[in-house]
Amino acid sequence: MPETTSQKTTQARRRAISEQAMVDAAVELINELGITGTTLREVGERAGYSRGLATYQYGSKNGLMRAVTKALSGLWLERLHAAMADRSAVEGLCGAIDAHYHFILEMPAQFRTLSILAFASIDPGSGIQSRVSEVQAKQRESVSRWVIKGQRDGSVNAELCPERFAEQFLATISGIGLQWLVNPDVDLLPMHEEFKRNTQIMLKPPASSTSSCN
């Protein structure tokens, strides 16, 4: 007998709930044991399900790590876009810096896990390099678009190369995050505030300028 729409909806909801529980469990375990020490069996049990459910849903440990990377990067990008929406170019980019600060402050376990996965992605056997690369590319493209937007309305220095600025912008954000990961007692607020001031200085247009990406 074919499933009804209601039954399919209920199954989809149950799967969404179990997947979120698995991601939450994986975040806890990766923070406690690292990627190497985190197993599908432990993730299933920590999530409150059977030992085999994580294997059934993700197929392999790499599959689970890809799912966790997708979920956490989606969470970060959602916060990032919300912080930048409906603002000028300079305000939007400063909003991105604020979003990074609040993500670390409000969701430290998720930030740490996402960072661990990002650094682990350089391992050819990780299975998540393409996903991490995709997220980074989206972030660079977003920053570059905001610079171009400001250059078009005259609020951003036309001499800046949008692509180069985006690369340096994200490299600085990554560096701040790494300092916190290695030393959680570091004072994040002054670093983010100084980064915003430097960003505003870099973006400010001179009396006359022309674009160059050399």
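Structure above, values below:
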{"item": "Residue check for Val147: farther than 25 Å from Met65 by Cα, outside any helix (DSSP H, G or I) and at pLDDT 95 or above", "result": "no"}
{"item": "Pick from segment 29-38, criterion surrounded by fewer than 17 Cβ atoms within 10 Å (Cβ to Cβ) and not aliphatic (A, V, I, L, M), ranking: nearest to the chain's Cα centre (by Cα)", "result": "Asn31"}
{"item": "Positions within segment 47-71 being more than 24 Å from the chain's Cα centre (by Cα) and either under 21 Å from Ile116 (Cα atoms) or not in a loop (DSSP other than H, G, I, E, B) (or both), in sequence order", "result": "Leu53, Thr55, Tyr56"}
{"item": "Unmet requirement for Asp86, which otherwise passes all of (1) out of contact with any helix residue (DSSP H, G or I) (no Cβ under 8 Å at 6 or more places or on another chain); (2) in a helix (DSSP H, G or I); (3) closer than 30 Å to Glu193 by Cβ", "result": "(2)"}
{"item": "All positions within segment 143-170 that are more than 19 Å from Ala83 (Cα to Cα) and either among the aromatic types (Phe, Trp, Tyr) or free of Cβ contacts under 8 Å to residues at least 12 places away in the same chain (or both)", "result": "Arg152, Phe165, Gln168"}
{"item": "Pair list, Cβ under 9 Å, 6 or more apart: segment 103-129 residue free of Cβ contacts under 8 Å to residues at least 60 places away in the same chain, other residue of a type in the set (Ser, Thr, Tyr) and in a helix (DSSP H, G or I)", "result": "Leu114/Thr69; Leu114/Ser73; Ala118/Thr69; Ala118/Ser73; Ala118/Ser174; Ser121/Thr69; Ser121/Ser130; Ser121/Ser133"}
{"item": "Any hit, segment 200-214, residues being at pLDDT 95 or above and under 20 Å from the mean Cα position of the chain (by Cα)", "result": "no"}
{"item": "Restricting segment 42-87 to residues that are farther than 22 Å from Ser121 by Cβ and in contact with an Asp or Glu (Cβ under 8 Å, 6 or more places away or on another chain), the residue that is surrounded by the most Cβ atoms within 10 Å (Cβ to Cβ)", "result": "Ala47"}
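The values are calculated or read from the model by the stated rules, or taken from the named source; none is laboratory data. What you are looking at is a predicted structure, and each value in this text was computed from that prediction instead of being measured. Note: ideal-geometry Cβ built from the backbone for every residue, glycine included; neighbour counts use all protein chains shown.
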